[in-house]
Amino acid sequence: MAYKIAIIVGSLREGSINRKVARSICGLRDDNLDCSMVEIGDLPPYNQDLDGDPPEQWSRFRQQVGSADGVLFCSPEYNRGIPGVLKNAIDVGSRPYGQSVFDKKPAAIVTASPGSIGGFGANHQIRQACVFLNMPVMQQPEAYLGHVSDDSFDDSGCLKDGPLKDLVSVLAHAFHDWVDMIHRSRRLLAEDSAHAAMARQADKAHA
Ligand SMILES: Cc1cc2nc3c(=O)[nH]c(=O)nc-3n(C[C@H](O)[C@H](O)[C@H](O)COP(=O)(O)O)c2cc1C
């Protein structure tokens, strides 16, 4: 079964290296990950006053993320932190209070940069938000992709063969396994609870 993955890219740039990395991850696991890019560039800035009558862009975003089995964040780092558009999208999806579309969704966080530390700061700020959002985030492999540039991709935007593609391939497989493990264990727990409830009913009937 292919899992539905909402991909949220923290860059609005047409030639974004993070968008290309996201596409490569999907391409490497297209048998098991059914990926869709969720656009965030049109989301009006979050304003709690609008929760009663939300802009249609917020509703569209919440519906797209809410219907996914998992979320993949691919983002640049801006000034050692989360790009504003991505933080806004996270805030929009997290509200109204108690109705977060991120709740319990398995996630992975990938940051790519031409710099040498691969967006480590942004990566951990996203991770910090995921803690509050109650999202189980894949721990390993960590994905601070440094020294990524247009040269890392071929003319069609796919990663060229080499260590970066190898790492992204490992990431793509690990992410599928992570999403699969979370959903399978939840199904097993639900089955266990159902069996336990049936057993209690049977005990009562015989008492
Ligand atoms: C406003 C701004 C701030 C940036 N700050 C950082 C930074 O803190 N760390 C870093 O590694 N690169 C930084 N960069 C460079 C980005 O990593 C680089 O532009 C990258 O290509 C952006 O990702 P994208 O190609 O997915 O748009 C910054 C770029 C911009 C435009």
Here the qualifying pairs (Cβ atoms under 9 Å; residues six or more apart or on different chains; first in the range 9-27 and in contact (Cβ under 8 Å) with a residue 12 or more places away in the chain; second assigned to a helix (DSSP H, G or I) and charged (D, E, K, R)) come out as Val9/Arg19; Gly10/Lys87; Ser11/Arg19; Gly15/Asp150; Ile17/Asp150; Lys20/Asp150; Ser24/Lys165
Among the helices (runs of 4 or more DSSP H) lying completely within the range 6-124, list those that include at least 2 residues that are within 19 Å of Trp178 (Cβ to Cβ) and either more than 12 Å from the ligand (Cβ to nearest atom) or out of contact with any strand residue (DSSP E or B) (no Cβ under 9 Å at 6 or more places or on another chain) (or both). 17-28
Using the structure shown, decide if Ala129 is away from the ligand (no atom under 16 Å from the Cβ) and touching a Cys at 6+ places or on another chain (Cβ under 7 Å). no
List the number of the failed condition for Lys4; all other conditions in (1) open to solvent by less than 60 Å² (accessible area, probe 1.4 Å); (2) in contact (Cβ under 8 Å) with a residue 40 or more places away in the chain; (3) among the basic types (Lys, Arg); (4) touching a Gly at 6+ places or on another chain (Cβ under 9 Å) hold. (1)
If we ask which residues in the range 53-86 are at positive phi and of a type outside the set (D, E, K, R), their number turns out to be 1
From (1) crowded, with 21+ Cβ neighbours inside 10 Å; (2) without any contact (Cβ under 8 Å) to a residue 24 or more places away in the chain, pick out the condition that doesn't hold for Gly98. (1)
Of these, Glu56, Glu14, which one is open to solvent by 60 Å² or more (accessible area, probe 1.4 Å) and over 28 Å from Asp151 (Cβ atoms)? Glu56
Give me the pairs, please: first residue somewhere in the range 65-83 and open to solvent by less than 10 Å² (accessible area, probe 1.4 Å), second residue anywhere and within 16 Å of the ligand (Cβ to nearest atom) and hydroxyl-bearing (Ser, Thr, Tyr), beta-carbon distance under 9 Å, and either six or more positions apart or on two chains. Phe73/Thr111; Cys74/Ser11; Cys74/Ser16; Cys74/Thr111; Ser75/Ser11; Ser75/Thr111; Pro83/Ser11; Pro83/Ser75
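Each row is one residue, and each column tells you yes or no for (1) closer than 16 Å to Gly10 by Cα; (2) open to solvent by 30 Å² or more (accessible area, probe 1.4 Å); (3) modelled with pLDDT of 95 or more.
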| residue | (1), (2), (3) |
| --- | --- |
| Ser113 | yes, no, yes |
| Ser116 | no, yes, yes |
| Gly119 | yes, no, yes |
| Gln128 | yes, yes, yes |
| Leu133 | no, no, yes |
| Met138 | no, no, yes |
| Ala143 | yes, no, yes |
Scan the range 145-161 and give yes if some residue there is under 17 Å from the mean Cα position of the chain (by Cα), modelled with pLDDT of 95 or more and either polar (S, T, N, Q) or surrounded by 14 or more Cβ atoms within 10 Å (Cβ to Cβ) (or both), otherwise no. yes
Of the residues Ala172, Ala197, Ala190, which is touching a Leu at 6+ places or on another chain (Cβ under 6 Å) and either without any contact (Cβ under 8 Å) to a residue 60 or more places away in the chain or within 30 Å of Ser116 (Cβ to Cβ) (or both)? Ala172
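The values are calculated or read from the model by the stated rules, or taken from the named source; none is laboratory data. Values in this document were obtained by computation on a predicted structure and should not be read as measured data. Positions of Cβ are generated from backbone atoms using ideal geometry, with glycine treated the same way; all protein chains shown enter the neighbour counts. SASA here: full protein model, heavy atoms, side chains in, ligands and nucleic acids out. Shrake-Rupley method; radii C 1.70, N 1.55, O 1.52, S 1.80 Å.
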